[in-house]
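All remarks here apply to the structure that follows.
The values are calculated or read from the model by the stated rules, or taken from the named source; none is laboratory data. Predicted model only: the values in this text are computed from it and were never measured. Please note: Cβ atoms are built from the backbone with ideal geometry, for glycine as well, and neighbour counts cover all protein chains shown. These area figures cover heavy atoms from the full protein model, side chains too; ligands, DNA and RNA do not enter into them. Shrake-Rupley method; radii C 1.70, N 1.55, O 1.52, S 1.80 Å.
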Amino acid sequence: MFIIRKLLPLLAVFFLISFDNIDSLADDQQPCYGDAFVTASIADARTLIPILASDSASGDIVGLVFNGLVKYDRDIELVGDLAESWEILDDGLTIVFHLRKDVSWHDGVPFTAEDVEFTYQKLIDPEVPTPYGGDFKKIELLEVIDDYTVRVRYHEPFAPGLASWGMSIMPKHLLKSADLMTTSFARHPIGTGPYKFKRWHSGEIIELDSNHQYFEHRPWIDRYIYRIIPDQATMFLEVQTEGIDSMGLSPLQYTRQTETKFFRKRFQKFRYPSFGYTYMAYNLLDEKFKDRRVRQAISYAIDKQEIIEGVLLGLGRVCTGPFVPESWAYNEDVRPASYDPEKARRLLRKAGWQDINADGWLEKDGKRFEFTIITNQANDQRRRTGEIIQRRLKEVGIKVNVRILEWAVFLNEFVNKKRFEAIILGWSLSRDPDCFDIWHSSKTKEGEFNFVSYSNPVVDRLLDEGRRTFDRDKRARIYHRIHELLYEDQPYLFLFVPDALPVVNSRFKGIEPAPIGIGYNFIDWWVPKTEQRYTR
Amino acid sequence: MITYIVKRLLSLVPVFIGITIVSFAVIHLAPGQPTDLMTQLNPKVSLEAKEKLIKLYNLDKPVYVQYIDWLRRLIRFDFGKSFIDGRPVIKKILGRLPITILINVCSMALIFLVALPIGVISAVKRGSLFDRSMTLFVFIGFAAPGFWLALILMSILGVQLGWFPVVGIKSLDFEHLSLIGKILDMGHHLIIPISVSAFGGLAGISRYMRQSMLNVIHEDYIRTARAKGLSEREVIYKHALRNALLPIITILGLSIPGLIGGSVIFETIFSIPGMGQLLYQSVMARDYPTVMAGLVIGAVLTLLANLIADIAYFYVDPRIRIGQRH
């Protein structure tokens, strides 16, 4: 009796739901077509020609309109996209791609191996100023075996080569006689992807329609609308009017401005590590930083967690090396150095830095330990990071100045010409862990990316090996070792991996956060009929 | 008069060329190159790719050669192609001009509509409560930072009350609206931007008007008019106002070049795809052809506006006209 009395209200509720809302319940579980996803970007796209698009806005659109041969799945593993499968032969010298036979371009023309060959030719064409040619120059020969098979032979085994085939494939039948620099295709692209280009008003809006014939399946959401809103604060206001369905929040917005009833009801918040890290790089040609003990000392003198709390309001992780925690290349065994100013002072003393004249600053050979950190304008996080470092290093007797410069000046006059002592910058990483260009000692020319002039023969050899090894486990071991060595050498003071903090309107269902983020299964997102906002 | 105009026009040519030389030199002196955005800090980009780009844009030639090339094209009214996306610069600018001009004209009309009466009444009732409160009002507009005011209004009127759209100039379903619907939709979007932009401009014009009116009121001919027995209304609005408006013509003329220039901060906050944003982004990207085109159009308009203001003076102010005849 007691049990029944307790159950009765529950039963009543159950019946109420089942009788009143049978339709909506069914709606809630069964994906259905319709509605639009409205998102926003700070900057407009530049060009929608995949091999010329180098900014993030262009990349966003290109990613929905085109496909590569391969792509990364939810767990950051390479899977087939336009390629159904592939074989790696001759110890990695040759890759054979078997293409899907059920794909057509948005204009109805079938997709074939010819398109792959055409895209490759444009990538290596000296007349085409593509920033992506590098990986494809390592190809010795690309052969079309039949309409749906492509064989790629490399000069030498090149593991990142496979991932480079994530490059969007362009339609040969539309572009073979076009000049890529002037063609109208740049503003009216035709691809194979889940969304078809509809319209683009410069500085205002880009609109895509779903591709009903998409080879995976027709996306549930009918329209994708990309609005250009150049100001973060305005974008946030527009989220609050539900004029846009999604944006990436700043740490401040995430912690302080979205803990409202409205937000909890109308938005889903996500948080996962982004694919990049922020660091302070030393100029290793500078006398002060040549001694590894000095660099290690600085690492002990700075509390990275404090920086994360102060700059990111806690929304980030301590970075220990050139890989992010989500990557299989990341070495769990590399522990971040603890905050230990005593140890820092000891190491500095060993390296010959002592406060001889008792003025609070360390000296060596009569010279005070003083250096300048430079970073770029309009990045508050980097500026504040610099200020925290400045204060902490003062405590161990190192005088730090922080200087902020305009981006172009910063890069051209200081970074590229190596006219700096230390800089604060960030790298966003590709999914493949190859970081040859950043750490190899051959990459130190003006304008190249080893601007700290790091040189370690062991790391050089490992970087080479990592490029030549296809086996995942062997490759992982190589990068784990690189991770370790770099942490010991401290060519950078590795600081933090910030979290990505997107919000999405809660009417969107089917979002499944995964190591790669949330956008990977966008074609599976859907909105219940009763909640759809945009119906034409 | 005709010879005067021709002479003035001819004298503008060397000034114009001087402006272009200085601008060209200055933007090329700024560190950085148009290729940077595509190639900087992207480990996937090789040095060769960068050199390829530099060659493609002729950036490897000496600056004076680049300038002469540019001038040669300009004579044929060819502003070249943008380094950013390869589109003709003129197309990019024409895409942005209408909305900028629309907003600026509306805002200027609003400024004159409100500021002139304020100025006139303040002068006539000098020292009254109206005069003092209006002084306060226009100076608040002058002093309040536009971006702050914009965000406050957007937050209150847009987000909390929901009366106005917050962002952009059109609704998402704009294409499907009727013509009247389109006009209303755009008007609805532009009310906050135009009001904010006009509020900041009230102080200047109303103060000019007030001062100019005060000067005129103490002239002898106003006393004469009063002595003639004309009504106060007639004295103020027929005799005084006409003369007091003269300096305003100069200001009006000088604000013509401003009509095509948009404010970066303002356009950024309201997400208006106008000239300000275009030129700012072009400068940041070192997109030389677009920057130069913007500067040239601005320079030409400034020079012409000065000329037009002078000519207008000639017609409006009988003292100048008669002075020249003698």
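Any idea what diffusion coefficient the range A:418-467 gets from Stokes-Einstein, in µm²/s, Kirkwood Rh on alpha carbon pairs, 25 °C, 0.890 mPa s?
Numbers: Rh = 11.8 Å.
Approximately 208 µm²/s, per Stokes-Einstein.
How many percent of DSSP beta bridges within the protein assembly as shown run antiparallel, rounded to 5?
Approximately 80 percent, going by the DSSP bridge assignments.
Under a crude label model (7 Å from the Cα following the beta-carbon direction), how far is A:Ser104 from B:Ser178 in nanometres?
4.0 nm
Taking H placed 1.01 Å from N in the peptide plane, check which residues at least 5 places from A:Gly276 or on another chain put their amide H under 5 Å from its amide H.
Amide H neighbours of A:Gly276, under 5 Å, 5+ apart: A:Leu429.
Considering only A:Ser164, A:Val318, A:Asn416, whose Cα is most displaced toward the positive end of the charge dipole of the protein assembly as shown, charges sitting on Cβ of Lys, Arg (+1) and Asp, Glu (-1)?
Among A:Ser164, A:Val318, A:Asn416, the one farthest towards the positive end of the dipole of the protein assembly as shown is A:Asn416.
Compactness ratio of the protein assembly as shown: Cα Rg over 2.2 N^0.38 Å, N = residue count?
So the Cα radius of gyration is 1.13 times the expected 2.2 N^0.38 Å.
When the helix-only estimate is applied to chain A (DSSP H runs of n ≥ 4, each -39,500 (n - 2.57), divided by the residue count), what is the mean residue ellipticity at 222 nm, nearest 500 deg cm²/dmol?
-8500 deg cm²/dmol
Taking Rh as the Kirkwood radius computed over C-alpha pairs, what is the Stokes-Einstein D of the range A:276-499 at 10 °C in a medium of viscosity 1.306 mPa s, expressed in µm² per second?
89 µm²/s
Rounded if a/c is under 1.5, else prolate if a/b is larger than b/c, else oblate: which is the range A:97-239, with a ≥ b ≥ c the root eigenvalues of its Cα gyration tensor?
The shape class here is prolate.
How large, in percent, is the carbon and sulfur part of the accessible surface of chain A at a probe radius of 1.4 Å?
The value for chain A is 50 percent carbon and sulfur by accessible area.
Where does the charge balance sit around A:Asp489 when Lys and Arg score +1, Asp and Glu -1, over other residues with C-beta under 9 Å from its C-beta?
Summing Lys/Arg as +1 and Asp/Glu as -1 gives +1.
Could you report the buried accessible area between B and A, both sides summed, computed with a 1.4 Å probe and given in Å² to the nearest 100?
When B and A are taken together, about 4200 Å² of accessible area is lost.
Quick one: accessible surface of B:Ile180, probe radius 1.4 Å, all protein chains present, in square angstrom to the nearest 10.
Using a 1.4 Å probe on the heavy atoms, I get roughly 120 Å².
Beyond a 25 Å Cα-Cα separation, which of these cross-linked pairs lie in this structure: A:Lys269/A:Lys509; A:Lys71/A:Lys101; A:Lys261/A:Lys304; A:Lys443/B:Lys81; A:Lys176/B:Lys52; A:Lys198/B:Lys52?
Distance filter (> 25 Å) returns A:Lys261/A:Lys304; A:Lys443/B:Lys81; A:Lys198/B:Lys52.
Normalised by the residues of chain B, what does the relative contact order come to in percent, with Cα pairs under 8 Å and at least six apart? Intermediate results must be reported in sequence, preceding the final value.
On the way: 309 pairs, mean separation 83.0, N = 326.
Dividing the mean separation by the residue count of chain B yields 25 percent.
Across the Cα atoms of the range B:248-287, what radius of gyration and what greatest pairwise Cα-Cα distance (Dmax) are found, in Å?
12.4, 38
State whether chain B is rounded, prolate or oblate according to the following rule on the C-alpha gyration tensor (a ≥ b ≥ c being the square roots of its eigenvalues): a/c under 1.5 gives rounded; otherwise a/b larger than b/c gives prolate, and the remaining case gives oblate.
Cα axes put chain B in the oblate bin.
Can you tell me the equivalent ellipsoid semi-axes for the range B:195-278? Use √(5λ) from the Cα gyration tensor, largest first, whole Å.
Numbers: eigenvalues 304, 27, 15 Å².
Equivalent ellipsoid semi-axes, largest first: 39, 12, 9 Å.
Distance from the Cα centre of the range A:278-307 to that of the range A:114-129, in angstrom?
43 Å
log10 I(q)/I(0), Debye, Cα-only the range B:117-187, no solvent, q = 0.13, 0.16 Å⁻¹?
Values returned for q = 0.13, 0.16 Å⁻¹ are -0.64, -0.77.
How much of the accessible area of the range B:97-273, probe 1.4 Å, is carbon plus sulfur, in whole percent?
Of the solvent-accessible surface of the range B:97-273, carbon and sulfur hold 69 percent.
State, in angstrom, two size descriptors of the range B:97-273 derived from its alpha carbons: Rg to one decimal place and Dmax to the nearest whole number.
Expressed in Å, the Cα Rg and Dmax of the range B:97-273 come to 19.6, 64.
Among the aspartates and glutamates, which have Cα under 13 Å from the Cα of A:Lys417 when same-chain residues fewer than 8 positions away are ignored?
A:Glu446, A:Glu448
Using the heavy atoms of the protein chains and a 1.4 angstrom probe, tell me the accessible area per residue for the protein assembly as shown in square angstrom.
Computed with neighbouring chains in place, this is 46 Å² per residue.
Using a Förster distance of 22 Å, how high is the FRET efficiency between B:Ala109 and B:Ile140, based on the Cβ-Cβ distance and rounded to 0.05?
Computed FRET efficiency for B:Ala109 and B:Ile140: 0.55.
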